[in-house]
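Student: I have a structure here, written as structure tokens, and I will follow up with some questions on it.
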Amino acid sequence: MRVGPAICEARLGIPASKDAQRDFSDFTYLDRSGHMKDALRKAGVEPNAQWSNETKFHLEVKATLGDCDEAFFVSQNQVDKMRGFDGDANNGYVLLRVYNMEEGNEPGIKFFRDPWSLYMYRILDFRSEAGYKVY
């Protein structure tokens, strides 16, 4: 059974959001004490130098059964968020890539800070199997 954010919120007694779920990341965290930046450093990822104690982090978790090189899905809304928050000192977007979730494997996690910048520098590759619509 997959436990989504709405179920977790209900179990914690948090009122259901009236806003569209597509407008939110899996986790949103205002890092007033620097814990997120410390966690990124411990994971081998240098935080964006623009981020401050006023930065709101938008964390998107993506998990697959296979290894870290396996492709994973992101929605157009998530790509739009990545692009919209790129270079914004008040909003940090981080993909958390959880892999090897198959039973018997050792799960791993990899952090992708500023994924839109990683795409622009050709470190990440975003593809649409069905093609793109141009407006």
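The values are calculated or read from the model by the stated rules, or taken from the named source; none is laboratory data. The structure presented is a predicted model; accordingly, all values stated were derived computationally and were not measured. Cβ: placed from backbone, ideal geometry, glycine included. Neighbour counts: every protein chain shown.
Student: Going by the conditions given, is Gly92 closer than 16 Å to Lys56 by Cα, among the small types (Gly, Ala, Ser) and either surrounded by 13 or more Cβ atoms within 10 Å (Cβ to Cβ) or touching a Gly at 6+ places or on another chain (Cβ under 9 Å) (or both)? Give the derivation first.
Tutor: On the way: closer than 16 Å to Lys56 by Cα: yes; among the small types (Gly, Ala, Ser): yes; either surrounded by 13 or more Cβ atoms within 10 Å (Cβ to Cβ) or touching a Gly at 6+ places or on another chain (Cβ under 9 Å) (or both): yes.
Yes.
Student: Under 9 Å between Cβ atoms, at least 6 apart or on separate chains: pull out the pairs that start in the stretch 25-37 with a residue that is under 9 Å from Thr55 (Cβ atoms) and end on any residue that is outside any loop (DSSP other than H, G, I, E, B) and among the hydroxyl-bearing types (Ser, Thr, Tyr).
Tutor: Once the first residue is under 9 Å from Thr55 (Cβ atoms) and sits in the stretch 25-37, its partners that are outside any loop (DSSP other than H, G, I, E, B) and among the hydroxyl-bearing types (Ser, Thr, Tyr) give Met36/Tyr29.
Student: Somewhere in the stretch 73-88, is a residue touching a Leu at 6+ places or on another chain (Cβ under 7 Å) and modelled with pLDDT of 95 or more?
Tutor: Residues of the stretch 73-88 that are touching a Leu at 6+ places or on another chain (Cβ under 7 Å), as a first pass: none.
There is no residue in the stretch 73-88 that is touching a Leu at 6+ places or on another chain (Cβ under 7 Å) and modelled with pLDDT of 95 or more.
Student: Given the conditions (1) surrounded by 15 or more Cβ atoms within 10 Å (Cβ to Cβ); (2) within 17 Å of Ala43 (Cβ to Cβ), and given that Thr64 satisfies all but one, which numbered condition is not satisfied?
Tutor: The one condition Thr64 does not meet is (2).
Student: Moving on to the next point. Somewhere in the stretch 15-29, is a residue among the hydrophobic types (A, V, I, L, M, F, W, C), surrounded by 11 or more Cβ atoms within 10 Å (Cβ to Cβ) and at pLDDT 90 or above? Working first, answer last.
Tutor: Residues of the stretch 15-29 among the hydrophobic types (A, V, I, L, M, F, W, C): 16, 20, 24, 27.
Within this subset, residues satisfying the condition of being surrounded by 11 or more Cβ atoms within 10 Å (Cβ to Cβ) are 24, 27.
Those left that are additionally at pLDDT 90 or above: 27.
Scanning the stretch 15-29 turns up at least one residue that is among the hydrophobic types (A, V, I, L, M, F, W, C), surrounded by 11 or more Cβ atoms within 10 Å (Cβ to Cβ) and at pLDDT 90 or above.
Student: Can you tell me how many residues within the stretch 68-112 are within 22 Å of Arg127 (Cβ to Cβ), of a type in the set (A, V, I, L, M, F, W, C) and assigned to a loop (DSSP other than H, G, I, E, B)? Walk me through how you get there before you give the answer.
Tutor: Taking the stretch 68-112 as the starting set, the residues that turn out to be within 22 Å of Arg127 (Cβ to Cβ) are 68-86, 93-99, 110-112.
Narrowing further to those that are of a type in the set (A, V, I, L, M, F, W, C): 68, 71-74, 79, 82, 85, 94-96, 98, 111-112.
Going one step further and asking which of them are assigned to a loop (DSSP other than H, G, I, E, B), we end up with 68, 71-74.
Qualifying residue count, the stretch 68-112: 5.
Student: Tell me, which residue of the stretch 103-125 that is among the hydrophobic types (A, V, I, L, M, F, W, C) and over 20 Å from Leu65 (Cα atoms) is surrounded by the fewest Cβ atoms within 10 Å (Cβ to Cβ)?
Tutor: Step one: list which residues in the stretch 103-125 are among the hydrophobic types (A, V, I, L, M, F, W, C), which gives 109, 111-112, 116, 118, 120, 123-124.
Going one step further and asking which of them are over 20 Å from Leu65 (Cα atoms), we end up with 116, 118, 120, 123.
Numbers: Trp116: 19, Leu118: 17, Met120: 12, Ile123: 10.
Per the stated criteria, the residue is Ile123.
Student: Hey, another quick one. Collect the residues in the stretch 96-130 that are at pLDDT 95 or above and among the acidic types (Asp, Glu), keeping them in residue-number order.
Tutor: Asp114, the sole residue that qualifies.
Student: Right, something else. Check Ala89, Ala49, Ala71 and return the single one that is under 16 Å from the mean Cα position of the chain (by Cα) and of a type outside the set (Ser, Thr, Tyr).
Tutor: Working: Ala89 fails: under 16 Å from the mean Cα position of the chain (by Cα); Ala49 fails: under 16 Å from the mean Cα position of the chain (by Cα).
After ruling out the rest, the residue left standing is Ala71.
Student: For Lys42, state whether it is on the phi < 0 side of the Ramachandran plot, of a type in the set (D, E, K, R) and either loosely packed, with under 14 Cβ neighbours inside 10 Å or under 11 Å from the mean Cα position of the chain (by Cα) (or both). Can you show your working first?
Tutor: Details: on the phi < 0 side of the Ramachandran plot: yes; of a type in the set (D, E, K, R): yes; either loosely packed, with under 14 Cβ neighbours inside 10 Å or under 11 Å from the mean Cα position of the chain (by Cα) (or both): yes.
Judged against the criteria, Lys42 is a match.
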